[in-house]
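Student: Pasting in a structure now, in structure tokens, and then I'll have a few things to ask.
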Ligand SMILES: Nc1ncnc2c1ncn2[C@@H]1O[C@H](COP(=O)(O)OP(=O)(O)OP(=O)(O)O)[C@@H](O)[C@H]1O
Ligand SMILES: [Mg+2]
């Protein structure tokens, strides 16, 4: 089933030739076009909720376009807060977060909405719309980004097929298993071809087989040019990815390893 899905994924993205080509060109020429290679940049970012609740302490790192980064650390280390900074769900107490040349936290609502459309997000608790079917959950995300009815009718079945949910398209989330819900959440996150996928503990509620499938899909999306930031507690997941790992402890980055070591 998985190989079949990966092939479908490649076809899905191949159908979006312009998007892929432009992503590849951006990536290939990133060193030439000044400032293009850095997608996300954290500069001295701290987040203090209260005196006894400091979530981030002077965090500095950057993410290049095309990278796959796993962020690991014990519960409470600051992983989700880091993700919230990129989605502008929370503001830093100090420091700045840039998306390319834009200071995310200086954007007005309109620009923020535009920026968020360039990011697909996946969470441990799925965050699907409970009163909409699998099909409608994805159609809704497309409507919100201004897609036409024709585009919706053509793309939704395609993306559901690639996450192996064709036979669940009229099911509501409460009628689906955890693995199915997370595959639906991923389908929704990629439907508008974002440049960045953020996945906060996407395997947290899944058994090992479903977790493996979710990670395989994220890896393939990354292979096709999309930047991925993943948070996880799962050692097996991190080691199977074999890419850059940022380790957090008490709000600080304590390690930044190129080659997929899970050390905590
Ligand atoms: N809204 C909030 N108000 C106060 N404190 C908060 C808030 N959100 C997070 N914190 C605190 O900030 C710290 C970091 O939380 P965060 O959710 O980023 O951790 P995490 O690494 O994602 O943990 P987990 O692995 O359990 O998801 C924790 O000590 C948490 O209690
Ligand atoms: Mg978290």
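Student: Residues in the stretch 201-215: is at least one within 16 Å of ligand 1 (Cβ to nearest atom), under 13 Å from the mean Cα position of the chain (by Cα), surrounded by fewer than 23 Cβ atoms within 10 Å (Cβ to Cβ) and touching a residue at least 12 places away in the same chain (Cβ under 8 Å)?
Tutor: Yes.
Student: Just to be sure before I move on: is residue 197 surrounded by 21 or more Cβ atoms within 10 Å (Cβ to Cβ), in a helix (DSSP H, G or I) and more than 16 Å from ligand 1 (Cβ to nearest atom) in the structure I sent?
Tutor: Criteria not met by residue 197.
Student: Would you be able to say whether some residue in the stretch 193-203 is farther than 17 Å from residue 65 by Cβ and more than 16 Å from ligand 2 (Cβ to nearest atom)?
Tutor: no
Student: Among the residues of the stretch 241-260, write down those that are at pLDDT 90 or above, outside any strand (DSSP E or B) and either under 16 Å from the mean Cα position of the chain (by Cα) or within 19 Å of residue 217 (Cβ to Cβ) (or both).
Tutor: Selection gives 241, 242, 243, 244.
Student: Additional query: For the stretch 116-142, which positions are in a helix (DSSP H, G or I) and in contact with a helix residue (DSSP H, G or I) (Cβ under 7 Å, 6 or more places away or on another chain)?
Tutor: Across the stretch 116-142, the qualifying residues are 134, 135, 137, 138, 139, 141, 142.
Student: If residue 99 passes every condition in (1) within 20 Å of residue 226 (Cα to Cα); (2) within 16 Å of ligand 1 (Cβ to nearest atom); (3) touching a strand residue (DSSP E or B) at 6+ places or on another chain (Cβ under 8 Å) but one, which one does it miss?
Tutor: Of everything listed in (1) within 20 Å of residue 226 (Cα to Cα); (2) within 16 Å of ligand 1 (Cβ to nearest atom); (3) touching a strand residue (DSSP E or B) at 6+ places or on another chain (Cβ under 8 Å), residue 99 misses just condition (2).
Student: Being assigned to a strand (DSSP E or B), within 21 Å of residue 215 (Cβ to Cβ), within 16 Å of ligand 1 (Cβ to nearest atom) and out of contact with any helix residue (DSSP H, G or I) (no Cβ under 8 Å at 6 or more places or on another chain) is the filter here; which residues of the stretch 56-79 pass it?
Tutor: 69
Student: Turning to a different aspect of this structure: Just checking, how many residues over the stretch 44-84 are within 15 Å of ligand 2 (Cβ to nearest atom), over 18 Å from residue 104 (Cα atoms) and over 16 Å from the mean Cα position of the chain (by Cα)?
Tutor: Number of matching residues: 9.
The values are calculated or read from the model by the stated rules, or taken from the named source; none is laboratory data. All figures in this text were calculated on a predicted structure; none of them were measured in a lab. Ideal geometry is used to build each Cβ from the backbone, glycine not excepted, and the neighbour counts take in all protein chains shown.
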